[in-house]
Each structure stands twice: as C-alpha cells, then as structure tokens.
Amino acid sequence: MRHDGRRPLLVGNWKMHLTERWSLALLDDLLPRLADLTGALDVAVAPSLPCLRAVADRLRGAAIRLAAQNLHWEDKGPFTGEVSARMLAEIGVELVIVGHSERRNLFGETDERVGKKVVAARRHGIVPILCVGEQESERDEGRTLEVVERQLRLGLSGIAATDGSDLAIAYEPVWAIGTGRFASVAQIQEVHRMIREQLASLYGTRSAASVRILYGGSATPESAPDIVALEDVDGALVGQASLEPARFEAICRLGT
Ligand code: PGA
C-alpha cells in the first residue's frame with residue numbers, strides 16, 4: 001500500500017474510552033501482534049491524557065509511537081484544564097490529532113484555533129495530524145470540496161513549508177465517524193486527490209507527494225482494504241476498531 005514512497009501510517013484513536021488500566025491491557029495484547037509489522041509502516045496509538053505517561057513507559061523499546069488527542073496552542077499560561085505541546089513532548093508524544101470533528105463540533109474548535117494548534121505542535125517537534133471533513137448536510141449540498149479546502153487552508157495557515165515528515169492530514173467525513181457508514185472509494189479518492197493538489201499549491205509538488213493523507217471514519221478490517229489501496233490514501237485514523245486488538249492488527253496489516 002506504499003504509494004509514491006510514502007510510509008503508511010495507522011493511528012488508533014482511543015478517544016475517552018479507556019482508563020489507564022485498560023489502556024495498558026490493550027497495549028499488552030497489541031504489542032506482540034504488531035511486533036513484526038513496524039518495520040514496514042508507522043503505527044501510533046492515542047490514549048487519553050492521564051494515560052499518556054503510563055503508555056509511554058509501556059511503549060519504551062517498542063516501535064509503536066505515542067500520539068495525543070488534543071493540545072493547547074500556548075506553551076504555558078493561565079489556561080485551566082489545557083495541556084501544551086511542550087508538556088506532551090516531555091512525555092514522549094510524537095504525534096497529535098488536531099481539529100478532530102468531535103473537538104470542532106462538541107467543543108467549539110474553530111479553524112483559527114486548529115491552525116494555532118498545528119503551529120504549536122510543530123514548534124515542539126510533534127507531528128500534527130490535521131483532521132478535515134464535511135458534515136453530512138455539507139456533502140448533500142455539494143460543498144464537500146469547498147469545506148475541506150477551507151479547513152485545510154486555515155489549518156495550515158501558519159505552516160510555511162513541510163518535507164512531509166512533520167505533517168499528516170486525516171480526511172474524516174463527519175457522517176462516517178462512529179456510524180458504520182463510510183464514503184465510497186470514489187468519494188474518498190476525490191477528496192484525497194484534492195487535498196494533495198492543495199498541498200502542492202501550498203508547498204510544491206515534491207513536498208505534497210511526501211505528506212501522508214489518512215482516511216478516517218468507520219475504518220474496519222472489512223471496509224479498509226479498498227480504501228487504503230487508493231492512490232492518495234496513506235493509512236487510516238481508526239476509532240472504534242482500534243479498541244479491539246485483533247481488528248486493529250488486521251487493519252495495520254493492510255498497510256504492509
Ligand atoms: P471511527 O472513528 O473509526 O470509530 O469511526 C474514527 C475517528 O474518530 O477518528
């Protein structure tokens with residue numbers, strides 16, 4: 001599934017599902033399953049904030065990377081309840097999900113804030129996974145490309161250049177997240193292609209060709225094979241199926 005030399009990236013987004021104990025139990029099941037795989041692709045898991053340290057300790061020596069689900073754009077200050085990229089970096093976080101639709105829709109995250117978070121992550125050497133995607137009504141109105149174009153443009157407004165190793169994008173149609181529904185392969189490829197073209201106009205063709213663009217939204221071992229085979233799909237951001245080791249393993253194996 002390696003397209004244009006891009007190394008596949010599979011990310012398990014554990015959302016707010018697992019306590020520390022369950023996070024570690026899941027990892028203990030997952031690590032041996034993925035041990036032979038990680039030379040061929042990048043795999044990351046994104047536990048809840050209070051579990052990051054324990055998961056980081058358990059991942060020591062393993063090839064699985066640690067991701068966070070959110071961050072604040074300032075390094076420090078009077079922001080009760082928030083966590084900075086600096087703090088995440090200190091724990092060993094290597095990637096961070098930014099602008100997930102649950103953050104945008106349930107916690108009022110704007111494109112402007114998403115853009116500032118992308119900058120903050122990179123300032124501390126953490127790779128932002130910028131999430132974009134249309135609501136169902138926006139797709140019905142034929143506005144998918146326009147919405148994704150805007151989210152991408154504003155989300156990346158603070159980024160002058162990329163070599164592809166310091167940025168990833170996740171296209172997640174909001175109506176496909178956690179619903180068991182997913183976009184058709186033609187719809188997915190159309191959006192991924194548009195994202196890569198937009199990246200090319202911002203950063204040049206060569207850089208755009210090295211940025212990994214993930215698909216997310218009800219990715220399962222059943223739905224993912226056709227999706228990750230698409231030319232401009234370089235992996236997946238997996239929610240529900242990442243909570244089941246055998247299913248997450250099966251999705252990761254598609255990336256090899
Ligand atoms: P899902 O979630 O796989 O459960 O649809 C994906 C996501 O929210 O990133």
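Summary table
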item	result
Test: residue in region 162-179 that is of a type outside the set (Val, Ile, Thr) and over 18 Å from the mean Cα position of the chain (by Cα)	no
Flag for GLY125 being surrounded by fewer than 18 Cβ atoms within 10 Å (Cβ to Cβ) and either within 16 Å of the ligand (Cβ to nearest atom) or in contact (Cβ under 8 Å) with a residue 12 or more places away in the chain (or both)	yes
All positions within region 199-225 that are within 16 Å of the ligand (Cβ to nearest atom) and β-branched (Val, Ile, Thr)	ILE213, THR220
Where ILE91 falls short, out of the listed (1) surrounded by 15 or more Cβ atoms within 10 Å (Cβ to Cβ); (2) away from the ligand (no atom under 14 Å from the Cβ); (3) within 23 Å of PRO245 (Cα to Cα)	(3)
Residue satisfying condition, being over 21 Å from THR220 (Cα atoms) and within 16 Å of the ligand (Cβ to nearest atom), within set ASN70, ASN13	ASN70
Region 136-165 - residue that is of a type in the set (S, T, N, Q) and in contact (Cβ under 8 Å) with a residue 40 or more places away in the chain and, of those, nearest to the ligand (Cβ to nearest atom)	GLN151
Residues (without any contact (Cβ under 8 Å) to a residue 12 or more places away in the chain and in a helix (DSSP H, G or I)) located in region 44-64	ASP57
Single residue of region 232-256 satisfying the filter (part of a loop (DSSP other than H, G, I, E, B) and at pLDDT 95 or above) that is farthest from the ligand (Cβ to nearest atom)	ASP232
Filter result for ALA168 (within 16 Å of the ligand (Cβ to nearest atom), within 23 Å of ASP232 (Cα to Cα), at pLDDT below 95 and buried (at least 23 other Cβ atoms within 10 Å of the Cβ))	no
Residue match in region 249-256 (condition: among the small types (Gly, Ala, Ser), more than 17 Å from the chain's Cα centre (by Cα), within 17 Å of ALA170 (Cα to Cα) and surrounded by fewer than 22 Cβ atoms within 10 Å (Cβ to Cβ))	no
Scope region 1-26; condition aliphatic (A, V, I, L, M), over 16 Å from ASP234 (Cα atoms) and crowded, with 22+ Cβ neighbours inside 10 Å; matching residues	LEU26
Test: residue in region 18-26 that is more than 16 Å from the ligand (Cβ to nearest atom) and either under 30 Å from ALA209 (Cα atoms) or touching a residue at least 40 places away in the same chain (Cβ under 8 Å) (or both)	no
Given (1) out of contact with any helix residue (DSSP H, G or I) (no Cβ under 8 Å at 6 or more places or on another chain); (2) modelled with pLDDT of 95 or more; (3) more than 15 Å from ASP234 (Cβ to Cβ), number of the condition SER210 does not satisfy	(3)
Residues of region 105-115 classified as in contact (Cβ under 8 Å) with a residue 12 or more places away in the chain and crowded, with 18+ Cβ neighbours inside 10 Å, total	3
Filter result for ALA63 (within 20 Å of the chain's Cα centre (by Cα) and either at pLDDT 95 or above or within 27 Å of ILE213 (Cβ to Cβ) (or both))	yes
Conditions (1) farther than 27 Å from HIS17 by Cα; (2) at pLDDT below 95; (3) in contact with a Gly (Cβ under 9 Å, 6 or more places away or on another chain); (4) not hydroxyl-bearing (Ser, Thr, Tyr): number failed by VAL228	(1)
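The values are calculated or read from the model by the stated rules, or taken from the named source; none is laboratory data. This is a predicted model, so every value here is computed, not measured. A quick note on method: Cβ atoms are made from the backbone with ideal geometry, for glycine too, and the neighbour counts reach across all protein chains shown.
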